[in-house]
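Bear in mind that the values in this text are calculations on the coordinates, not laboratory data. Being a predicted model, the structure only gives us computed values, none of them experimental. Here Cβ is always computed from backbone atoms with ideal geometry, including for glycine, and neighbour counts include all displayed protein chains.
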DNA sequence: ATGTCGTTCTCGGAACGA
């Protein structure tokens, strides 16, 4: 499989939204999915239904609020971390990390932070700072990494229909935006912004004030790519049709497609199948079941993406 | 402040978070 499609979707309650989730999975068939706002305890996660739909999963639930999961076609992702390092006192389920298909996937649900100022906003900034510190390590590791999730940050005024009524919102505060910039300054590529250029693109339309009907949206769901993955970005989009369905989440699934073919194809392109599934993405990758073996029709994966990347 | 959801606690409807 040369193309890897990775999506992030704040589902806003996986129990009440399961039919919508299954419908979307069937129709769009993403390879990897990061979910946020499960609003369900671990035992209520619909692992069986997802398995029946062809997806393995890892998840970190919590009663009533938060909750994150990573799904992958076929075998479940290999979890490498839950919760942010150095933030063990955090009681919210907001961060899950796993290896899938030779890529390390970080699924995050950054705190909303409203009302602002106040303790919730302080928590948002503290969480963000811990995440930035961890992201720096991930970036420096040189592994192929995607940071995907609901960042609860509108990066610029070009990422919202009109900032006027949101100026006091935590999603637009200078402190939030500054941290997002600081994160990108580590070297990450904002995939949606890179793909769409100057074009407006939204991922969230709140339930209030007919914002969906008037396309009054915000771009707060992001996918950030490590250095070696950035040149592999081949497509990106937002599955807006999901937001338009009855009983929808206030977010729409947001996705990227990565071309995982070797950057420089070997002259005769005759790599053996034995060479697939050996990409050293992370320690967890090495423990990962060789799920891609079933994809017999796929183009050989070849060596590591890093083999051609300059250091 | 408001708007509208999904959740909990409890069994109708408030409170909370977003």
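Is the stretch A:3-259 best put as rounded, prolate or oblate by its Cα gyration tensor, with a ≥ b ≥ c the root eigenvalues, rounded for a/c under 1.5, and otherwise prolate when a/b is larger than b/c, oblate when not? Rounded, because the longest to shortest axis ratio a/c is under 1.5. Among beta bridges identified by DSSP and lying wholly in the stretch A:87-234, the antiparallel ones come to about 70 percent. Grouping the Cα pair distances of the stretch A:131-266 into 10 Å bins from zero gives a pair-distance distribution of 11, 39, 34, 13, 2, 0 percent in increasing distance order.
Computed extension length for residue A:2-residue A:167: 55.1 nm, one decimal, from 0.36 nm per residue of separation with the Cα-Cα distance subtracted.
Remark: the residue A:136-residue A:207 segment gains 22.1 nm on full extension, using 0.36 nm per residue and subtracting the alpha carbon distance.
Full extension of the chain between residue A:199 and residue A:186 gives 2.2 nm of extra length, using 0.36 nm per residue less the Cα-Cα distance. For the stretch A:20-156, DSSP calls about 80 percent of its internal beta bridges antiparallel. Where both bridge residues fall in the stretch A:3-259, DSSP classifies roughly 80% of the beta bridges as antiparallel. Each Cα pair under 8 Å and six or more residues apart adds its separation to the average, and for the stretch A:3-259 the resulting relative contact order is 19 percent.
Here the label points at residue A:123 and residue A:88, each 7 Å from Cα along the C-beta direction, are separated by 2.1 nm in the simple model.
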